[in-house]
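The values are calculated or read from the model by the stated rules, or taken from the named source; none is laboratory data. Everything numeric here is computed off the predicted structure, so don't read it as measured data. Note that each Cβ is placed from the backbone with ideal geometry, even for glycine, and that neighbours are counted across all protein chains shown. Surface accessibility is based on the protein's heavy atoms, side chains included, excluding ligands, DNA and RNA. Shrake-Rupley method; radii C 1.70, N 1.55, O 1.52, S 1.80 Å.
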Amino acid sequence: MPDAVARASGGKIFTFGSYRLGVHGPGDDIDCLLAVPKHVSRDDFFTTFLPMLQEARGVTEVTGVPGAYVPIIKSKISGVEVDFLCARLDLPSIPDDLELADDNLLKNLDERCIRSLGGPRVTDEILRLVPNIEVFREALRCIKLWARSRAIYSKTMGFLGG
């Protein structure tokens with residue numbers, strides 16, 4: 001593919017989880033989804049993006065887990081843990097104003113892409129439905145603190161997360 005066509009195809013990064021909800025704190029990671037056009041494969045995510053990330057300034061750790069239930073690249077950038085997911089959308093290009101709430105975006109996607117889209121879609125829906133964002137954030141911060149103090153805060157371990 002010519003470089004100009006590849007650049008015009010675009011892509012977009014969506015944050016989600018505690019960072020997007022505005023309740024992140026010291027030591028929390030940043031969860032990101034890379035939305036890419038249909039000609040970019042999951043293999044490209046791990047064979048092209050991962051090495052580029054490894055070579056980037058300030059990146060000290062990069063680990064790809066392509067076989068995970070939700071394939072992920074875990075990294076540490078300037079001391080901050082950043083997790084990257086990838087969703088290959090059935091679109092020839094990704095517009096700058098793309099929103100993920102449209103259920104039509106889920107058509108023709110494989111299960112891993114649908115699962116990857118779940119985080120940002122749910123986060124956006126929470127922010128849309130909560131009547132008072134500041135009260136919600138304060139309550140969520142308290143719940144996170146309570147759960148961490150009892151060692152029951154870790155989504156990967158089956159406990160509360162986000």
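Relative to the longest principal axis of the Cα atoms of the chain, the long axis of helix 111-129 lies at roughly 50 degrees.
One decimal place: the segment D110-D28 gains 26.6 nm when fully extended, by the rule 0.36 nm per residue minus the C-alpha distance.
The 3J(HN,Hα) values that the Karplus relation (6.51, -1.76, 1.60; θ = phi - 60°) gives for segment 51-57 are, in residue order, x, 4, 5, 4, 8, 6, 5 Hz. Gly and Pro appear as x. In the context of the full set of protein chains, residues of the chain present 61 Å² of accessible surface per residue (probe radius 1.4 Å, heavy atoms only).
Taking every DSSP bridge with both residues inside the chain, close to 65 percent are antiparallel. Taking only Cα atoms, what is the 0 to 90° angle, nearest 10, from helix 133-149's long axis to the longest principal axis of the chain? The helix 133-149 is inclined about 80 degrees to the chain.
All Cα-Cα distances of the chain, cut into 5 Å bins from zero to the largest, leave 2, 8, 15, 20, 19, 17, 10, 6, 2, 1, 0 percent in each bin in turn.
Just to be sure I follow the definition: excluding the sites themselves, where is the longest run in the chain that has none of the trypsin sites (Lys or Arg not before Pro) in a DSSP loop with at most 12 other Cβ atoms within 10 Å? Here the longest segment lacking exposed loop sites spans 1-56.
Between R150 and F46, the modelled label-to-label distance comes to 3.7 nm, taking each label 7 Å out from Cα in the direction of the beta carbon. Using the alpha carbons alone, the radius of gyration of segment 37-124 stands to its Kirkwood radius in an Rg to Rh ratio of 0.98.
Seen from R20, the other residues with C-beta closer than 13 Å to its C-beta sum to a net charge of -3, counting Lys and Arg as +1 and Asp and Glu as -1. For segment 1-115, with all protein chains present and a 1.4 Å probe, just round the carbon and sulfur fraction of the accessible area to a whole percent. Ligands and nucleic acids excluded, carbon and sulfur give 53 percent.
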